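Worksheet for the structure shown next.
Laboratory data are not the source of any read-out in this text; all were calculated from the coordinates shown. Since the model is a prediction, treat every value here as computed from it, not as a measurement. Please note: Cβ atoms are built from the backbone with ideal geometry, for glycine as well, and neighbour counts cover all protein chains shown.
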Amino acid sequence: MANLIEVENLSRYYGKYCVVNNISFTLAKGEVVGFLGPNGAGKTTTMQMLSGNLAPSSGLIKINGFDLLNAPLKAKRSLGYLPDIPSLYKDLTVQEFLHYCAQLQGITKQAIYPIIDKTVERCSLQTVSKRLIANLSKGFQQRVGIAQAILHNPEVIILDEPTVGLDPIQIKEIRALIKELGKDHGIILSTHILPEVQETCSHVQIINNGKIILNESIFELNRTMTQGCLQVITRTPVDNTILLAIPYVTRIEEIAHNRHNIHYSMKGNPTHQIAETIIAKGWGLEEMTPIKKSMEDIFLALTQVES
Amino acid sequence: MSVTLVIATREFKSLFLSPLAWSILAALQVILGYLFLNQVETFTLIQAKLVGMEGAPGLTDIVVTPLFSNAGIILLLVTPLLTMRLICEERRNKTLSLLLSAPISNSDIIIGKYLGTLGLLLVIVALIALMPLFLLMGGELDNGKFFANFLALNLLVAGFSAVGLFMSTVAGHPTVAAIGSIGILLLLWILDWTNSIKDQRSELFEYLSILRHFQAIQSGQINSMDLCYFVLFIATFLLLSIRYLANERFQK
């Protein structure tokens, strides 16, 4: 499958400050990539570069096979972008605004109204479509922004913090919408809300200080997360085979002499049984510490090591 | 090209969404209407004397030319107010990224914005031209001279709005854009004044002065040199705006 986005060795400097440092990644159709990072990590800068709002200092961006710098019009044709602050003309009504966006995207006259109606329905904007954008609540404005980004059915959709300012019900709706769009588009969304990534994305990229420090599929990541881990220190060596026979224990790794990490599946908790076995066998249990690994932990661990 | 027109239409309509365009239209119409009536009054007073003179100035010279000259000066102050928001406000409201991420080129954006504002200015010029046309009910106009004046004012506002658009692309705040373009335009307007001092004529200044070319066309002599001046003037500022907008992606 052809890659919708190809980014190679992308860098961006603001004066002397390096905001994005030599990042490379790809996005294929059907993937939803969550772009995660603390404030000032370079998320928005990367997205601005991908959307053609900012020229990279060096590196290559290809969108749907077209180089964004050499063939910008062709590349942008397959691009929908929601900036961190939605670009909305506040003195227009929702309907007028979407009509203008459709025209800018070069949608033919006959096709405009059906497309607007479909998008308005998708983003549940029916009740406000005749109102001025300036008079809408922040949540509705955000939805108009999303409507603008998906209006022309682009192959690549870039959403910079799409669920900011939405109420919980709307967040749920938008996440469902993103999931649905992800089936036949390539989506990049940035956020600092971790559960959002777990819920909507197929891949996760963590960026910190301008570098991608983790690029993994959610499936892989969840596997590390649905696994619990216990650190066990004993006085005498343990017999791994006996411990592995305990239900839910999946893996044992020796990290030091008489110090083991026992991995187990989160479906059950074998802690009690492990402790009993070790005592019964007389291995001399000295310490037993649960090692917790949630997405937050991974995130914090990765970002703090870097900084 | 069609996208250019889409942006131009949107810009033209947006101008009328705020009270700005309406109030400018109203104020201009009142001021110029007053000046127009003043000129007509002058003409009726001296009409009797003119009859006996040979080669005396006609109705067009006494009413139309001063009206259009005054309109030129007033529009010099008004055009920057109309153009100041063009790109500047889009940047401040963060709506520029909508245009930048759409499959349109920088020249589409700039020329679209330019044509949109120019549309309103042409409406203003047309409204001004209506006043002397009313004189046809009771008198005769020198059609050639009237057309020359009309053309001169159109070219003048086209030049003004190109400068205004450029300043709006450069400036970070609409007020700065307005002051900047009034400054440039006023300088170009008065550049010619050194010529009143003898022995200090500068041909360069004479050529650069926008007033000189405006008056040349107004007098009824439509010279290709004056037309070229306006075309070059507009093209230069539009190209500078396009270049500046393209550069925006590199700076910040």
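Sketch the reach of a paramagnetic label on residue B:143 as a point 7 Å from Cα along Cα-to-Cβ, and name the residues of region B:44-63 whose backbone nitrogen lies under 16 Å away.
B:60
Going through region B:138-242, which GluC sites (Glu not before Pro) have at most 16 other Cβ atoms within 10 Å and a DSSP loop state?
Counting only loop positions with at most 16 other Cβ atoms within 10 Å, the GluC sites (Glu not before Pro) in region B:138-242 are B:140.
Neighbour counts of other C-beta atoms within 10 Å: give me A:229, A:101 arranged from fewest to most.
Neighbour counts put them in this order, fewest first: A:229, A:101.
Could you order the peptides A:3-14, B:21-32 from most to least packed, using the average number of other C-beta atoms within 10 Å per residue?
Descending packing order for the listed peptides: A:3-14, B:21-32.
Give the share of C-alpha pairs in each 10 angstrom bin for chain B, from 0 to the last occupied bin, in whole percents, shortest bins first.
The percentages, shortest bin first, are 7, 28, 31, 21, 9, 3, 1.
Looking at this model, which pairs from A:172/A:211; A:109/B:113; A:76/A:179 are more than 27 angstrom apart at the alpha-carbon?
In this structure, A:172/A:211 lie more than 27 Å apart at Cα.
Within region A:13-33, whose backbone N sits under 20 Å from a point 7 Å along Cα→Cβ of residue A:57?
The answer is A:13-25.
What is the distance, in nm, between label points placed 7 Å from the Cα along the Cα-to-Cβ direction at residue A:272 and at residue A:9?
So the label points at residue A:272 and residue A:9 sit 5.9 nm apart.
For the residues B:167, A:266, what sequence is obtained by ranking on other C-beta atoms within 10 Å, fewest first?
Starting with the residue having the fewest Cβ neighbours, the order is A:266, B:167.
Within region A:21-64, find all residues whose amide N lies under 20 Å from a label point positioned 7 Å from the Cα of residue A:184 along Cα-to-beta-carbon.
A:28-33, A:64
Estimate the FRET efficiency between residue B:231 and residue B:53 by the formula 1/(1 + (r/R0)^6), using the beta-carbon distance for r and 30 Å for R0, to the nearest 0.05.
Efficiency, from the Cβ-Cβ distance: 0.20.
Tell me the label-point distance for the pair residue B:221, residue A:211, using the 7 Å Cα-to-Cβ offset, in nm and rounded to one decimal.
The two pseudo-label positions are separated by 7.3 nm.
Any chance you could give the angle, 0 to 90 degrees and rounded to 10, that helix A:138-150 forms with the longest Cα principal axis of chain A?
The angle comes out at about 80 degrees.
Ranked by Cβ crowding within 10 angstrom, fewest neighbours first, how are A:281, A:62, B:113 ordered?
Fewest-to-most ranking of A:281, A:62, B:113: A:281, A:62, B:113.
Using label points projected 7 Å from each Cα along Cα→Cβ, tell me how many nm separate residue B:45 and residue B:207, to one decimal.
4.3
Apply the Karplus curve 6.51 cos²θ - 1.76 cosθ + 1.60, θ = phi - 60°, to the phi angles in region A:114-124 and return the couplings in whole Hz, x for Gly and Pro.
x, 5, 4, 4, 5, 5, 4, 5, 4, 9, 6
Please report, to one decimal in angstroms, the Kirkwood hydrodynamic radius of the protein assembly as shown built from all distinct Cα-Cα pairs.
28.3
Once a ≥ b ≥ c are taken as the square roots of the eigenvalues of the Cα gyration tensor of region A:104-205, is the result rounded (a/c under 1.5), prolate (a/b larger than b/c) or oblate (a/b not larger than b/c)?
The shape class here is oblate.
When only Cα pairs under 8 Å and 6 or more residues apart are kept, what is the percent relative contact order across region B:2-248?
Relative contact order of region B:2-248: 26 percent.
Work out which helices of chain B, taken as complete DSSP H runs, extend at least 30 Å along their axis over the Cα atoms and score a mean Kyte-Doolittle of 1.0 or more, then list them.
Sorted by number, the helices that extend far enough and score high enough are B:19-52, B:106-133, B:143-170, B:224-248.
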